[in-house]
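Structure, as structure tokens:
The values are calculated or read from the model by the stated rules, or taken from the named source; none is laboratory data. Keep in mind it's a predicted model, so treat the numbers as computed, not measured. Ideal geometry is used to build each Cβ from the backbone, glycine not excepted, and the neighbour counts take in all protein chains shown. All accessible areas refer to the heavy atoms of the entire protein, side chains included, with ligands and DNA or RNA removed. Shrake-Rupley method; radii C 1.70, N 1.55, O 1.52, S 1.80 Å.
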Amino acid sequence: MQISRLPAKTGFRWVLDGFRLLRRQPAALVAIVFLNLALMGVSMIVPIIGSLGPLILTPAFMVGMMQAVRIAEAGQNPSPLTLFAGFRDDRGRAWKPLLGLGAINAVATVLALAASAMTGGDALVQLATGRLDPSDPQVNDAALAGALLVFLVVYLPIQLATWYAPMFIAWDKVPLVKSMFFSIAAILRNRGAFLAYAVGWVAVAVVASIVLRLLQGVLAGSPLLWSIVLMPLWLIGITAVYCSFWATYRDAVDRHPRDDRPADQPPIP
């Protein structure tokens with residue numbers, strides 16, 4: 001495994017690659033994303049862990065999602081069972097550190113929400129747990145913005161640490177703590193590309209919101225038709241994000257060091 005250094009403009013290409021990769025196997029990839037979201041929802045009703053379920057399962061399912069996109073990029077059709085690849089990798093041993101990574105993610109999220117509640121009230125916590133609607137008049141936009149900023153600052157380190165860690169654990173057999181360190185190193189080494197990547201997705205989100213508002217205006221007289229149109233578009237957008245995530249890993253992480261390849265052999269993701 002070797003971390004590549006990429007130019008900043010690569011980040012914009014990653015966003016475009018998300019949609020290009022989605023075109024390889026759109027039906028299969030969207031179906032796997034839907035299954036992923038459905039299982040995350042089901043995990044929330046599990047006793048004791050409750051709303052922490054999705055946070056704990058995210059690393060394991062992320063491995064499956066990346067495997068599905070990798071298969072699609074190779075021109076093959078990923079099976080829905082690919083989503084569970086993280087539980088089978090490393091001869092069935094990867095699932096324990098992946099769930100451990102998920103537990104760390106859950107604890108960090110709770111701490112970040114607690115820190116945000118200390119500065120901006122519990123509005124963000126209620127929004128995150130679905131107990132408060134964004135349109136509720138009780139939501140103070142200024143206080144919510146401050147709480148969100150605190151949450152992002154506190155949670156950012158763990159976000160960087162868990163970005164690539166699931167793949168390092170499952171595919172490269174890197175220990176849990178080292179995988180988190182290497183994940184941070186990979187992102188900081190390519191911080192320009194990741195900044196462009198973030199800006200690119202913000203631009204896509206702005207354009208998408210404008211288009212959705214126009215569609216909502218056109219379909220205002222038919223709420224049912226609006227919901228039928230919105231759901232597929234929402235799933236396509238989420239799937240494109242997952243596909244772009246694979247593009248970042250494919251380009252930034254070289255799992256076959258150059259010293260081990262002939263000079264004329266290109267990098268293999």
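Before moving on, here are some points about what is shown:
- Against the list (1) open to solvent by 30 Å² or more (accessible area, probe 1.4 Å); (2) of a type outside the set (Phe, Trp, Tyr); (3) more than 29 Å from residue 119 (Cβ to Cβ), the condition residue 160 fails is (3).
- Annotation note: Cβ proximity below 6 Å between a residue of the range 168-192 that is under 17 Å from residue 64 (Cα atoms) and in contact (Cβ under 8 Å) with a residue 24 or more places away in the chain and a residue that is of a type outside the set (Gly, Ala, Ser) and not in a helix (DSSP H, G or I) (sequence gap 6+ or interchain) occurs for 168/174; 172/1.
- Among (1) in contact with a Leu (Cβ under 8 Å, 6 or more places away or on another chain); (2) at positive phi, the one test that residue 180 misses: (2)
- Cβ-Cβ under 6 Å pairs, at least 6 apart or on other chains, the range 195-213 side over 24 Å from residue 5 (Cβ atoms), far side open to solvent by 70 Å² or more (accessible area, probe 1.4 Å): none
- Of all residues in the range 1-29 being over 16 Å from residue 196 (Cβ atoms) and touching a strand residue (DSSP E or B) at 6+ places or on another chain (Cβ under 9 Å), the one that is modelled with the highest pLDDT: 3
- Total residues in the range 1-16 satisfying the condition of being of a type in the set (A, V, I, L, M) and buried (at least 18 other Cβ atoms within 10 Å of the Cβ): the figure is 2.
- Pair list, Cβ under 8 Å, 6 or more apart: the range 230-248 residue under 17 Å from residue 207 (Cα atoms) and open to solvent by less than 60 Å² (accessible area, probe 1.4 Å), other residue assigned to a helix (DSSP H, G or I) and of a type in the set (Phe, Trp, Tyr): 235/34; 240/19
- Count - residues of the range 223-265 that are more than 15 Å from the chain's Cα centre (by Cα) and either farther than 19 Å from residue 16 by Cβ or at pLDDT below 75 (or both): 23
- Elements of type helices (runs of 4 or more DSSP H) in the range 17-98, at least 1 residues being open to solvent by less than 10 Å² (accessible area, probe 1.4 Å), within 24 Å of residue 161 (Cα to Cα) and touching a residue at least 24 places away in the same chain (Cβ under 8 Å): 26-43, 53-73
- Test result for residue 128, surrounded by fewer than 20 Cβ atoms within 10 Å (Cβ to Cβ), among the hydrophobic types (A, V, I, L, M, F, W, C) and at pLDDT below 90: yes
- Within the range 30-57, being at pLDDT below 95 and among the polar types (S, T, N, Q) holds for 43, 51.
- Residue that is least open to solvent (accessible area, probe 1.4 Å), among those in the range 175-200 that are β-branched (Val, Ile, Thr) and out of contact with any Pro (no Cβ under 9 Å at 6 or more places or on another chain): 187
- Residue identified as among the small types (Gly, Ala, Ser) and modelled with pLDDT under 90 among 220, 185, 170, 196: 220
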